[in-house]
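First the structure, in the form of structure tokens, and then the observations on it.
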Ligand code: GMT
């Protein structure tokens, strides 16, 4: 099949999922065309089946806000026509689904039929999508997609709740990891760099937006380190960075925290970690938690959104109510307290991650593609 993938090329989970999906499809022999405004960060992969088409956004001085959706639609028309694509798969509803709809209509007027699939990822529905000003467009674009998927059952339910006029059947296809890319048993020697005296290594990876509650990461860590000698690694960057730096000074924990900034492939650092912290306000799925589990790292998370579909309480880690840092710290200590318990949780986390291996999920997308293009 010839597939066009539209996504945000940045460090966000939806872009990562779209890119990894494209890479896996290309390995299966499909021709995959990425159409976005810059090279997706994880498209670090050579394949004769992968193509990238840049959407260039002009900076004409009349526009205070550049009309990205329009240039994206035009680019989609162009790529579909000249690369003879069979279908478009757009990740994140805003504005990708409505841009795809516009492209579909333009192509239909030229006698070309292009189906498009919209995958809902999370904040397009739970945060941004809740802004009533987006509602009519998102509802329309979802209803007019040829198929719609959500990355968890929780997100499917949220879509039905937040968009009461959505009539489209939404199929759940969970996020995935390529387990083979998480095999770094030889990196344990690097652990000494961050935990020189055999301390436990806690880790958090996110884009440091408010929804991630990175301040709770620091508060949990502060409690854990009083009971179990530990260090904390922070990966990522974003709007909360300054507040986090302030808080670590207030808590006097800065010396035990190492911030590594944005890292394209965090797997190598995850491989040396003992515990992942994800205290998010909401998380439609929690890809970061799944990546940790694939690295044999148990997860302390909240129980919001789709996290209970990923993290199994008492098995791959523990879940607590949003903001309950006492409970999260108590559970973290339970896991970290001795090697035997920690090893058991690490193994459990890995076994749970296996459920989401690409080998299980890729056929679901391929079937959906075939259904939609009628092959
Ligand atoms: O919140 C992010 O990290 C970015 C955002 C995105 O769409 O880029 O992530 C959402 O999609 C991910 C991939 O499907 C999910 O794993 C995240 O849980 C989801 N984020 C939220 O719901 C807050």
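What follows draws every value from the coordinates through simple rules; no lab data is involved. Just so it is clear, the structure is predicted and the values come from calculations on it, not from any experiment. No Cβ is skipped: glycine too gets one built from the backbone with ideal geometry, and neighbour counts run over all protein chains shown.
Averaged across orientations, what area in nm² does the convex hull of the alpha carbons in the chain project?
On the way: hull surface 77.0 nm².
For the Cα atoms of the chain, the hull's average projected area reads 19.2 nm².
What order, most packed first, do the peptides 249-260, 284-295, 182-193 have when packing is the mean number of other Cβ atoms within 10 Å of each residue? Show your work: numbers first, answer last.
Numbers: 249-260: 14.4, 284-295: 27.7, 182-193: 12.2.
Result, highest mean first: 284-295, 249-260, 182-193.
Take the alpha carbon atoms of segment 315-343, find their center, do the same for segment 284-299, and report the distance between the two centers in whole angstrom.
15 Å
Which order do the peptides 242-248, 343-349 take when ranked by the mean count of other beta-carbon atoms within 10 Å per residue, highest first? Could the numbers behind the result be given before it?
Working: 242-248: 15.0, 343-349: 17.9.
Highest-to-lowest ranking by the protection proxy: 343-349, 242-248.
Where does each of 356-366, 102-112 land if you order them by average Cβ count within 10 Å, highest first?
Working: 356-366: 16.5, 102-112: 14.9.
Ranking, from highest mean packing down: 356-366, 102-112.
Measure out, as a whole number of angstrom, how far apart the alpha-carbon centroids of segment 144-183 and segment 190-249 sit.
Cα centroid to Cα centroid, the span is 30 Å.
Based on the Cα coordinates of segment 323-371, what is the per residue volume of their convex hull in Å³?
Details: hull volume 4.2 nm³, N = 49.
Cα-based convex hull of segment 323-371, divided per residue, equals 85 Å³.
Taking Cα pairs under 8 Å and at least six residues apart, what relative contact order does the chain come out at, in percent? Mind dumping the intermediate values first?
Details: 728 pairs, mean separation 50.1, N = 375.
Once divided by the residue count of the chain, the mean separation gives 13 percent.
How tilted is helix 153-162 with respect to the longest principal axis of the chain? Cα atoms for both, answer in degrees (0 to 90, nearest 10).
60 degrees
What spacing in nm lies between the two simple spin-label points modelled at residue 161 and residue 74, each 7 Å away from Cα in the Cβ direction?
4.1 nm
Taking R0 as 22 Å, what FRET efficiency do you get between residue 1 and residue 53 from their Cβ-Cβ distance, rounded to the nearest 0.05? Intermediate values should be presented prior to the final figure.
Numbers: r = 17 Å, r/R0 = 0.77.
For residue 1 and residue 53, the calculated efficiency is 0.80.
Given a Förster distance of 30 Å, report the FRET efficiency between residue 260 and residue 360 from their Cβ-Cβ distance, rounded to the nearest 0.05.
Working: r = 31 Å, r/R0 = 1.03.
Rounded to the nearest 0.05, the efficiency is 0.45.
Round to the nearest 10 and give me the degree value, 0 to 90, for the angle of helix 214-227's Cα axis relative to the longest principal axis of the chain.
Relative to the chain, helix 214-227 is tipped by roughly 20 degrees.
Rounded to the nearest angstrom and ordered from largest down, what semi-axes does the equivalent ellipsoid of segment 1-134 get from its C-alpha gyration tensor (root of 5λ)?
On the way: eigenvalues 97, 70, 46 Å².
Semi-axes (√(5λ), whole Å): 22, 19, 15.
I want to verify a result. In a Gaussian network model of the chain, Cα cutoff 10 Å, which of these has the top mean-square fluctuation: 224, 297, 71?
71
For residue 184 and residue 246 in one chain, what is 0.36 nm times their gap in residues minus the Cα-Cα distance, to one decimal in nm?
Full extension of this stretch gives 18.9 nm more.
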